[in-house]
Structures are given as C-alpha cells and as structure tokens.
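The next block holds one structure in the form of structure tokens; read it before the comments.
Bear in mind that the values in this text are calculations on the coordinates, not laboratory data. Every value quoted in this text rests on a predicted model; they were computed, and no experiment measured them. Quick reminder, even Gly has a Cβ in these numbers, built from the backbone with ideal geometry, and neighbours come from all protein chains shown.
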Amino acid sequence: MLQSINPYDESLIAEFEEHDESVIDQKLDVSQKTFRSWKRESFARRGELMKRAGSILRRDKSKLSKTMATEMGKVLKEAEGEIEKCASACDFFADNAEAFLKDQEIKTDAARSLVTYQPLGAILAIMPWNFPFWQVFRFAAPSLMAGNVGVLKHASNVGQCSLAIENIFREAGFPEGVFQSLLIGSDKVDRIISDDRVMAVTLTGSEFAGTKVAASAGKNLKKTVLELGGSDPFIVLDDADLDLTARIATQSRMQNAGQSCIAAKRFIVVDSVREEFLDRFRKNVEALRQGNPLEEGITTGPLARVDLAEDVEKQIGKSIAAGARVITGGARDGANYQPAILGSVSAGMPAFDEEIFGPVASVISVRDERQAIEVANNHRYGLGASVWTQDVARGEKVAREIESGSVFVNSLMRSDQRLPFGGIKKSGYGRELSELGIKEFMNAKTLFIA
C-alpha cells in the first residue's frame, strides 16, 4: 500500500493499493492505442482541451491547494500560487505549441527541404513531491500539446495529487490514455522504462535517482531529460542593495520549507558587506512563522516527511562538527525544521558540498567578485544561480561566468514557461519549458524533396 501522511502531525490521510503488473500493462496498452489518434489531432483541438484543464485548475484552486498542504506540507498561499502557475502553463502551450513546432524550411539543392517535428509516443514522467502539481504540468502541458501521451509515476507520498491531476485531464475532455497515473513504487520503474511501449523518460529528482533512470534508459536506448539536484549560489557583491537582497534571499531559500532544487542554498557574500547583509537576513528569517500550513499567517510549513527532516539534521550536525556555526534556528520537531542560517561554511562540509533540501542557508565569505565566481563554480551541481549588484552591466558579466543552466541578476531564481529550464554538471541535462523544452520529445525529421 502507498500511504499519504500529513507531515505536520504525522496522521494518516489515505492509502492506495499499488497497481500490479496487469494494471500497468493495461495502461500502457491504452497509451499506445490512444497515441495513434492523438498524434493526428489538430493543435486547435488540443489547445481547446488544454485551456479547459487550466480553467479547472483555477476553479478548484482552493481544494487542490488544501490537498497539497495536507499531503506534503506546502503553506496555502504557496500552493495557490503553484496552481495558478500550472494554469498559466496550460494557456501558454495551448497558445504557442503550433508556432513552436511549425516546419522549418531549409534551402538546399533540393526542390524543397525542411525539418518537421513529430511526437514520439508515450513519455514516462517520474516526478517528485516538492511541487506536486507544477512538476507534472510543466512536463504535461508541452508534451500533450505536441501530440505525445503521458504516463506519470509520481512520488509515493503524494498519491492524492497524482490522481487529482489525472482527473483534471479526464474532466477537461482529453481522450482516455492521453494522461494516466501509475500508483507504483520505485521498484517497478526499470521494468516500465524497458517496455517498448514507452518511448522516452523525463525525471525530476535526486542525483541518485537520475543515475538509475539514465542507466536504465541508456540500456534500452530511450531518450531522457533529467532535472536533478542543485546547490544554487546566491552571490552578494559589494554594491548590492542589501535590503532588497536580504528580502529575496529569505524568500529564495525558505519558500516551500527550503524544498526546491532551484532554491538559493549557498550565499556567497563579499566580506565588506557580510555583516550588514547577515543582520538583515537573520532578522527576516527569524520573522518567519512556522506551523500548520492550513493556518492563516503561517509562512513556512514542515518538510514533506519526517525522514527528510532527519536527513537535514544530520547534514547540519556534520557541518557544525567540521567548523560551521549556527547563526539562528536549526531545531527539529518531527518533520518541522526551524529555518536556519549557518555561517563559516566552506568546501568539505555537507552544507557546502551537498544539496540541503530544507530551510537552511549556508553563508560563505569571499574577498571579492573573482573569488565569488570561483566559489560559485566549485561545485558538482549547476542548476541555477543569482547575482546581486546595483551595476547591471557588472551583474551580467558575472552571470556569464557562472556555470549553471540559469542565472538571474537582481531577481529571484525561478522557472518560467517562456524560458528554457534545466541544468548542467550533476544537475542533469536537457531542457523543459519554452520552445526548447517542447522539442525535447519530438522527432526532428528531415524531409528532402528532389
């Protein structure tokens, strides 16, 4: 049985019986059969259905947000924002998919030559619990609009969210088999990847999960897109607007209880402004209200599971033993982990070397801009980053030297359906969202007509 457990009070919400092999086979059969007709459906019809899905998301925003809050601990305001973002993605790809995927004429010695984009088939999406709706819709909206069909293996602790998403597509009028949820554990993933009815795989998750999926997909010659861990640098230069920077630093690190791949995690601060920045940052963090995510005024909830909070506690304990110091916070009660700031962090500590998937900010002091860039790039991950300076030209110059998939200057690092999203190094490969993302699971077919 798969269980949904409220992380705030550890109460059992629901149980779901795992799908057995016969159910998996039946769902994959339906996906394959539906794809034959869905790939020929017009962009106009697909867009009509996708916009209807967006309308259902907005209509049911309150109910869906409460499901997220109880199942993985997201505070209601953040959950409502997540639902709105999903609806916006539905509208965006409904409006733009046809233009993104139009034929590209190329002049050669042929009478006519072009590249045409055609869908692959059933795409297996392996998705995490931290943004249980957005992670799915940022895959599903472009993929379904492109003519692919989706099979979702969601995180085992968010079964309610998984089924709710399937029901949204069903209510919107998508044909049976265009989008289906599989209620299974990780032990069945390899068998599904190897199935000839699955054409490609997308995963958002840990580096460990990424290596497993990539190995299985590689063995079976399946295309993959992987969005994995991150330890995003947040670079505070000596001319930064410290009030703004400290405010966004708090939001960037502590939203979703710090459970975001693209949350700022390593705060790399030039020595000359370190104390001023830390004073503002600490006050902002200490002003956060942690508690029941369903209650009004609560700004940060629990981590999604008790074992996840325990992992954070261990990482911080090892970092302190290696010389880091607690500036504020750090107490744990079940899955509730008090927002914390660590100082004196350096390479060789878990707070620097590893991804801390919880509300803990690691502050690293540097001499100047050049050392800030070196420290930022001295990491296995390369997902996102931000640079803070009042000199925009300087910010762009520094941003171009940072080794990551995205760098935001004087702005919160975030995903946006209009822009490609993904990482380098151990943060994965491939891109989601935008024109680049919708083309990841397409056959770019050359036509040469003499």
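Please work out the ratio of the alpha-carbon Rg of the stretch 324-397 to 2.2 N^0.38 Å and round it to two decimals.
On the way: Rg = 14.4 Å, N = 74, 2.2 N^0.38 = 11.3 Å.
Rounded to two decimals, the normalised Rg is 1.27.
Springs between Cα atoms under 10 Å define the GNM used for the chain, and in it the highest mean-square fluctuation of Lys102, Lys188, Lys265 occurs at Lys102.
Across the stretch 232-416, the relative contact order, built from alpha-carbon pairs under 8 Å that are at least six residues apart, equals 29 percent.
Compared with the alpha-carbon gap, the fully stretched path from Asp187 to Ser272 is longer by 25.5 nm at 0.36 nm per residue.
Here's the picture: a label point sits 7 Å out from the Cα of Thr211 along the beta-carbon direction, and within the stretch 289-317 the residues with their amide nitrogen under 20 Å of it are 311-312, 315.
Can you divide the C-alpha Rg of the stretch 232-416 by 2.2 N^0.38 Å and report the result to two decimal places?
Details: Rg = 15.3 Å, N = 185, 2.2 N^0.38 = 16.0 Å.
With N residues counted in the stretch 232-416, Rg over 2.2 N^0.38 Å equals 0.96.
Each peptide in 29-42, 224-237, 294-307, 150-163 was scored by the mean count of other Cβ atoms within 10 Å over its residues; highest first, the order is 224-237, 150-163, 294-307, 29-42.
For the stretch 172-211, backbone nitrogen atoms closer than 12 Å to the point 7 Å from Lys219 Cα along Cα-to-C-beta are found at 189-195.
What Kirkwood Rh does the chain have if only Cα atoms enter the pairwise 1/r average? Answer in Å.
Values: mean 1/r = 0.0440 Å⁻¹.
About 22.7 Å, per the Kirkwood formula over Cα pairs.
Classification of the stretch 2-49 by its C-alpha gyration tensor yields an oblate form. The axis ratio a/c (a ≥ b ≥ c) is 1.5 or more, and b/c is at least a/b.
Beyond 20 Å in Cα-Cα separation lie the following of the pairs Lys222/Lys445; Lys85/Lys212; Lys27/Lys74; Lys39/Lys61: Lys85/Lys212; Lys27/Lys74; Lys39/Lys61.
For a Förster distance of 41 Å, can you work out the FRET efficiency between the beta-carbons of Thr116 and Ser55, rounded to the nearest 0.05? It would help to have the intermediate numbers written out before the result.
Numbers: r = 31 Å, r/R0 = 0.76.
The computed FRET efficiency comes out at 0.85.
Cross-link reach is defined here as a Cα-Cα straight distance under 17 Å, omitting same-chain residues fewer than 8 places apart; for Lys33 the aspartates and glutamates meeting it are Asp25, Glu41, Glu176, Asp195, Asp196.
Report the number of Lys pairs in the stretch 232-416 whose alpha-carbons are under 22 Å apart, with separation of 8 or more residues or on distinct chains. Could you put the intermediate results ahead of the total?
Numbers: Lys265/Lys283; Lys265/Lys314; Lys265/Lys318; Lys265/Lys397.
Pairs that pass both the separation and distance tests number 4.
Calculated [222 nm] ellipticity per residue, helices only, for the chain: -13000 deg cm²/dmol; basis is -39500 (n - 2.57) per DSSP H run with n ≥ 4, divided by all residues, nearest 500.
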